[in-house]
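Taking it in order: structure first as structure tokens, then the write-up.
The values are calculated or read from the model by the stated rules, or taken from the named source; none is laboratory data. Here the structure is a predicted model, which is why all the values come from computation and not from measurement. Positions of Cβ are backbone-derived with ideal geometry, glycine not excepted, and every protein chain shown enters the neighbour counts. We work out accessible area using only protein heavy atoms, side chains counted, and drop any ligands, DNA or RNA first. Shrake-Rupley method; radii C 1.70, N 1.55, O 1.52, S 1.80 Å.
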Amino acid sequence: MNIILLGPPGAGKGTQAHRLVAEQGMIQLSTGDLLRAARSSGSEMGARVAAVMDRGDLVTDEIVIGLIAEQLDKGAAGGFIFDGFPRTLAQADALGELLASKGEVLDAVVEMRVDDDALVERITGRFTCGDCGEGYHDTFKKPAKEGVCDNCGATGSFKRRADDNEESLRTRLLNYYRDTSPLIGYYYAKGLLRRIDGLGEIDEVAARIKTVLNL
Ligand code: ADP
Ligand code: ADP
Ligand code: ZN
């Protein structure tokens, strides 16, 4: 099964994608993670996108479509979870073509609805483990032992994203409503849209996603 998790920054896409990977053996494809990896590897492309990302603006369609094409070539038996991609109509069209060229289809698009005040709170409290990528939150998902990752036991590896500040978040929200929210209608028209309430406990949201995906 191939699905898209669609929603504004902070909606909980990464958090829920991790759960689906652990429980369903799917592969998460996050263009945000792929771009951050390109930056930390010191590649020329990584350097080119750094300022755009820190500002909260969108990287060009060409770059992110290229990243996704590369990953799709590797294949995934359990299916793909697209997280943070597509973000524009051009990316959505490209994804459809890439999947079709591999004889694959998109099975569902889960729209995670979270109001803007909650998004700001989620983003400003977000941090992750630098070793394993597990996501945390200052209020909503604290590690059991302060400074220690629940998932991999690493200590002193927590980090915060440079773009998780109020100014960049405002830009990201604006870009979401302008460039990405038209995808809701696009996928509705294709009969693929499944809307869920993204507010509530992480477990509750996970259960709603499973319900709409018939898992
Ligand atoms: P969030 O989880 O907060 O929505 P991401 O980690 O998905 O943020 O993305 C971080 C940044 O990477 C974005 O602000 C944007 O600059 C860039 N980016 C990620 N995915 C895409 C995409 N599909 N198209 C264009 N830019 C992207
Ligand atoms: P996205 O990938 O959509 O940008 P994340 O999954 O990174 O969002 O979640 C943003 C922040 O909100 C993280 O700190 C995460 O721990 C927290 N979070 C995720 N889901 C929930 C939830 N249902 N309730 C409260 N906080 C949440
Ligand atoms: Zn960890």
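Quick notes
- Any hit, the range 145-157, residues being at pLDDT below 95 and more than 14 Å from ligand 2 (Cβ to nearest atom): yes
- Some residue of the range 172-184 being surrounded by fewer than 13 Cβ atoms within 10 Å (Cβ to Cβ) and of a type in the set (D, E): no
- The set of residues from the range 131-141 being open to solvent by 40 Å² or more (accessible area, probe 1.4 Å) and either modelled with pLDDT under 95 or of a type outside the set (V, I, T) (or both) comprises D131, C132, E134, D138, F140, K141.
For every residue, the table says whether it meets (1) more than 12 Å from ligand 1 (Cβ to nearest atom); (2) basic (K, R); (3) out of contact with any strand residue (DSSP E or B) (no Cβ under 7 Å at 6 or more places or on another chain); (4) more than 26 Å from A37 (Cβ to Cβ).
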position	(1), (2), (3), (4)
T124	no, no, yes, no
E134	yes, no, no, no
E167	yes, no, yes, no
L173	no, no, yes, no
Y176	no, no, yes, no
Y186	yes, no, yes, yes
R195	yes, yes, no, yes
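- Meets criteria (among the basic types (K, R), closer than 19 Å to E204 by Cα, open to solvent by 30 Å² or more (accessible area, probe 1.4 Å) and within 14 Å of ligand 2 (Cβ to nearest atom)) for R19: yes
- Positions within the range 126-168 being more than 12 Å from ligand 3 (Cβ to nearest atom) and within 15 Å of the chain's Cα centre (by Cα), in sequence order: R126, R161, D163, D164
- Of the residues contained in the range 150-164, none is found to be assigned to a helix (DSSP H, G or I), of a type in the set (S, T, N, Q) and over 20 Å from D83 (Cβ atoms).
- Condition broken by Q28, with the remaining ones in (1) within 16 Å of ligand 2 (Cβ to nearest atom); (2) modelled with pLDDT of 95 or more; (3) surrounded by fewer than 18 Cβ atoms within 10 Å (Cβ to Cβ) satisfied: (3)
- A90 vs. criteria of a type outside the set (D, E) and open to solvent by 40 Å² or more (accessible area, probe 1.4 Å): yes
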